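FYI, it's all coordinate maths here, none of it is from the lab. Keep in mind it's a predicted model, so treat the numbers as computed, not measured. Please note: Cβ atoms are built from the backbone with ideal geometry, for glycine as well, and neighbour counts cover all protein chains shown.
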């Protein structure tokens, strides 16, 4: 069973628009959430991490975390074609490895 | 920045063949990982290690062996390869386990005919 669920599977947004990606863990023992970005033909690279309830912003990227519901979301404002990629969410705690979801494929169209 | 390299980058073998995938990291990281990536399944952990001589199983270990010979080198072994093991394999490393960022290698595409 997939312990990290991501939605939607795929998403198309216009250039300049807002992209919103969701991730929920069914494992109540996790404390840390990660977002990795994987461009086509490349390897995943960590984009953002969030460990505390609330919001974290880095440039055009904002991550939210609700620990009670084990839900995190990634929001990309002013989306650019270069943001087109597979976005992978992962969850872990201090004693476990990161477990990944199946990803959301984002396409930003001009 | 962390440097993780993998070889070969592409490999084709036949059913029943033996395959060894190699990974090297030059960051003095304690942990190394082997993943497979398949459409619809995301990244799935096969094996990981926290140091030379250590091996831990991940979520999909069946049909795979692995060995960590040094802090830098981690190998994935497929004995009697099957078509179901056709996949994109990534190696990664991290300083620690759950609270540390993982750094990924470029991947090895394996095809089992």
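Structural remarks
- Using a Förster distance of 30 Å, the FRET efficiency for residue B:20-residue B:41 (Cβ separation, nearest 0.05): 0.80
- The range A:1-48 and the range B:33-103 have Cα centres lying 21 Å from one another.
- Overall form of the range A:53-110 per C-alpha gyration tensor (a/c, 1.5; a/b vs b/c): oblate
- Taking the Cα atoms of the protein assembly as shown, the ratio Rg/Rh between the radius of gyration and the Kirkwood radius comes to 0.98.
- Cα shape, chain A, gyration tensor, a/c 1.5 rule: prolate
- With one equal scatterer per alpha carbon and no solvent term, the Debye-computed log10 I(q)/I(0) for chain B at 0.16 1/Å reads -0.65.
- Scaling against 2.2 N^0.38 Å puts the C-alpha radius of gyration of the range B:56-113 at 1.24.
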